[in-house]
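A short worksheet on the structure shown next.
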2 protein chains.
Amino acid sequence: MKTITLIGSGNVATHLAKAFHNAGYQILQIWSREYDHAEALANQVFAEPIDKLSLLYPTADVYVLAVADDALFDLALDLRLRDALVLHTAGAVSLNVLKPISRKHGVVWSPQTFIRDVDMDYSELPFCVEGSSPDVTTHIMELLRPVSSHLFEIDTQQRQWLHLAAVMVNNFGNAVNAMAQDIIQSHNIPFEILHPLITMTAEKIKHGGLWQQQTGPARRHDQKTIDNQRRLLADDKKMLELYDLLTEIIQEKTKSGK
Amino acid sequence: MKTITLIGSGNVATHLAKAFHNAGYQILQIWSREYDHAEALANQVFAEPIDKLSLLYPTADVYVLAVADDALFDLALDLRLRDALVLHTAGAVSLNVLKPISRKHGVVWSPQTFIRDVDMDYSELPFCVEGSSPDVTTHIMELLRPVSSHLFEIDTQQRQWLHLAAVMVNNFGNAVNAMAQDIIQSHNIPFEILHPLITMTAEKIKHGGLWQQQTGPARRHDQKTIDNQRRLLADDKKMLELYDLLTEIIQEKTKSGK
């Protein structure tokens, strides 16, 4: 059986530890600078908690570095694991940062957001995989196959773009919903009225080209509604700027098509 | 049994006609300027198609005006229905436009988007209701109760804000997803990798305050990632502007709390 050691105890480390554990792998050690954090996670997956890199067993088959981007660069200075498979989990960091740590290195990144206290179905998680060689890529794919069936080979350059797109749909998408929530709540309207609309908007992604499915006042050049809505936003300079910019972008992108 | 006549044959008229028909109401007539359109919908709900307002039976209990905003103002000049209940379905139009048509008037607006060729579960649709008097509001609520259990009393001013919020979550939300789809596809990455993330982003609305749930480089002031992503967008002035504006808004809105 393959043994896995996790460096990190944050959100990504927690979910990966559980996903690997559920898939039948043995989690050997969990490292965190804070012993309590290491222990809390280690207890859940029957692993040994440690808070010093010098306590790492060099014998795990796989080391997963699930830490903040900056910490990855520090680890690259401190950690030498020779022949083990060493993986990082960062969307925005190049594969090459791991080169000094081990010859066999790779990236396992899942463009996913976690809702606190809500359990995930890991088998539905997409994983983007990059290996330092075709053999290593195959090796990582085999490692992940018991965890999820949604595995994609994505190189460092593609991952940068994918990360940008993930920021847009997730962070910007949430911000747009949050602004709507603010508007709604300051006029004593229950936000649940918009729940089905938000769910339906997300549902549209499964039905092809999204510009073709674009609707609304900007798309149909309904200037009367646009003017009314701009008037509502007159006191909020940033929101008005956003409204105008998105209206322009929508009109530009839907100009030629139906 | 209540009889309902529909003025209009577009998306909203179609879905409402089906929803009322499914709920057991008799649809008397369907009017459209294009006879073919009236007929296509009328056939589905066992109604009589007409293409002239002069052919309207004055005996229906309820007239639903589901037409474009501008056409509503035209109808207000042409249509006199005295004691019938007359409803419009527009998010952005005041209740008062119906005053000349009938004493008993109201608005039934559903902030919803329809996916072409995808059937809807109407019982999950939220309806925002406004009546010309408390009695009329009660009357409309009773009319809709067999159609949906998600009924909300929303006045004209609230409806304007709700409509703005709906434009944000639906039209702006779709636009943000569409831009991500463009980026993804121009780098030969399968868009399905982002499907679970988009679904999860929508799912967050059920878990409380959305600014508290905000994540990403803007939220954590991760300037290195922000700079990298701005560099990727350097050739697309509008997208860069949008990236900067949303980054600013997120940082401002999440400044004080966690």
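At a glance:
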| item | result |
| --- | --- |
| Only one of A:Leu245, A:Leu210 that is hydrophobic (A, V, I, L, M, F, W, C) and closer than 12 Å to B:Asn174 by Cβ | A:Leu210 |
| Single match in B:Lys52, B:Lys2 (criterion: surrounded by fewer than 20 Cβ atoms within 10 Å (Cβ to Cβ) and under 22 Å from B:Ser110 (Cα atoms)) | B:Lys2 |
| Count of the stretch B:34-55 residues which are among the hydrophobic types (A, V, I, L, M, F, W, C) and closer than 28 Å to A:Thr225 by Cβ | 4 |
| Enumeration of residues in the stretch B:28-49 that are of a type in the set (Asp, Glu), exposed (fewer than 15 other Cβ atoms within 10 Å of the Cβ) and part of a helix (DSSP H, G or I) | B:Asp36 |
| Matching option when the condition is among the small types (Gly, Ala, Ser) and either under 30 Å from A:His163 (Cα atoms) or out of contact with any helix residue (DSSP H, G or I) (no Cβ under 8 Å at 6 or more places or on another chain) (or both), among B:Ala92, B:Ala165 | B:Ala165 |
| Among (1) closer than 26 Å to A:Asp222 by Cβ; (2) without any contact (Cβ under 8 Å) to a residue 12 or more places away in the chain; (3) not aromatic (Phe, Trp, Tyr) - the single one B:Lys224 does not satisfy | (1) |
| Residue, nearest to B:Thr225 (Cα to Cα), within the stretch A:90-106, restricted to residues that are crowded, with 22+ Cβ neighbours inside 10 Å, away from chain B (no Cβ under 14 Å) and out of contact with any Ser or Thr (no Cβ under 7 Å at 6 or more places or on another chain) | A:Leu98 |
| Any chance B:Pro217 is surrounded by 16 or more Cβ atoms within 10 Å (Cβ to Cβ), on the phi < 0 side of the Ramachandran plot and under 31 Å from the mean Cα position of the chain (by Cα) | no |
| Some residue of the stretch A:206-214 being more than 9 Å from every other protein chain (Cβ to nearest Cβ), surrounded by 14 or more Cβ atoms within 10 Å (Cβ to Cβ) and of a type in the set (Gly, Ala, Ser) | no |
| Meets criteria (of a type in the set (Ser, Thr, Tyr), surrounded by 17 or more Cβ atoms within 10 Å (Cβ to Cβ) and in the same structural domain as A:Val86 (by TED's automatic domain parsing)) for A:Tyr25 | yes |
| Verdict on B:Val62 being under 16 Å from the mean Cα position of the chain (by Cα) and either crowded, with 21+ Cβ neighbours inside 10 Å or not aliphatic (A, V, I, L, M) (or both) | no |
| Subset of the stretch A:149-190 [more than 7 Å from chain B (Cβ to nearest Cβ) and not acidic (Asp, Glu)] | A:Ser149, A:His150, A:Leu151, A:Thr156, A:Gln157, A:Arg159, A:His163, A:Gln185, A:Ser186, A:Asn188 |
| Given (1) at pLDDT 95 or above; (2) not assigned by TED's automatic domain parsing to the domain that holds B:Thr247, number of the condition B:Ser148 does not satisfy | (1) |
| Residues within the stretch B:139-182 that are over 21 Å from A:Met179 (Cα atoms) and among the basic types (Lys, Arg), tallied | 1 |
| Residue check for A:Gln229: in a loop (DSSP other than H, G, I, E, B), without any contact (Cβ under 8 Å) to a residue 60 or more places away in the chain, within 8 Å of another protein chain (Cβ to nearest Cβ) and farther than 30 Å from A:Ser133 by Cβ | no |
| Some residue of the stretch B:172-179 being of a type in the set (Val, Ile, Thr) and assigned by TED's automatic domain parsing to the domain that holds B:Leu85 | no |
| In the stretch A:72-116, the residues that are among the charged types (D, E, K, R), more than 24 Å from the chain's Cα centre (by Cα) and either part of a helix (DSSP H, G or I) or not assigned by TED's automatic domain parsing to the domain that holds A:Ser133 (or both) | A:Asp78 |
| One residue from A:Leu164, A:Leu151 being closer than 30 Å to A:Val108 by Cβ, surrounded by fewer than 22 Cβ atoms within 10 Å (Cβ to Cβ) and not basic (Lys, Arg) | A:Leu151 |
| Any chance A:Phe127 is within 7 Å of chain B (Cβ to nearest Cβ), under 17 Å from the mean Cα position of the chain (by Cα) and crowded, with 20+ Cβ neighbours inside 10 Å | no |
| Matching option when the condition is in a loop (DSSP other than H, G, I, E, B), assigned by TED's automatic domain parsing to the domain that holds B:Ala84 and among the charged types (D, E, K, R), among B:Asp119, B:Asp135 | B:Asp119 |
| Residues that are buried (at least 18 other Cβ atoms within 10 Å of the Cβ) and closer than 18 Å to B:Gly216 by Cβ, drawn from the stretch A:107-124 | A:Trp109, A:Ser110, A:Pro111, A:Gln112, A:Thr113 |
| Selection status of A:Val67, in a loop (DSSP other than H, G, I, E, B), touching a residue at least 24 places away in the same chain (Cβ under 8 Å) and in contact with a Gly (Cβ under 8 Å, 6 or more places away or on another chain) | yes |
| Scan of the stretch A:232-258 for residues that are within 17 Å of A:Met179 (Cβ to Cβ) and either at the interface with chain B (Cβ under 7 Å from one of its Cβ atoms) or assigned to a loop (DSSP other than H, G, I, E, B) (or both), ordered by number | A:Leu232, A:Leu233, A:Ala234, A:Asp235, A:Asp236, A:Lys238, A:Glu241, A:Leu242, A:Leu245, A:Leu246, A:Ile249, A:Ile250 |
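The values are calculated or read from the model by the stated rules, or taken from the named source; none is laboratory data. In this text the structure is predicted, and so the values were computed from the model without any measurement. Positions of Cβ are backbone-derived with ideal geometry, glycine not excepted, and every protein chain shown enters the neighbour counts.
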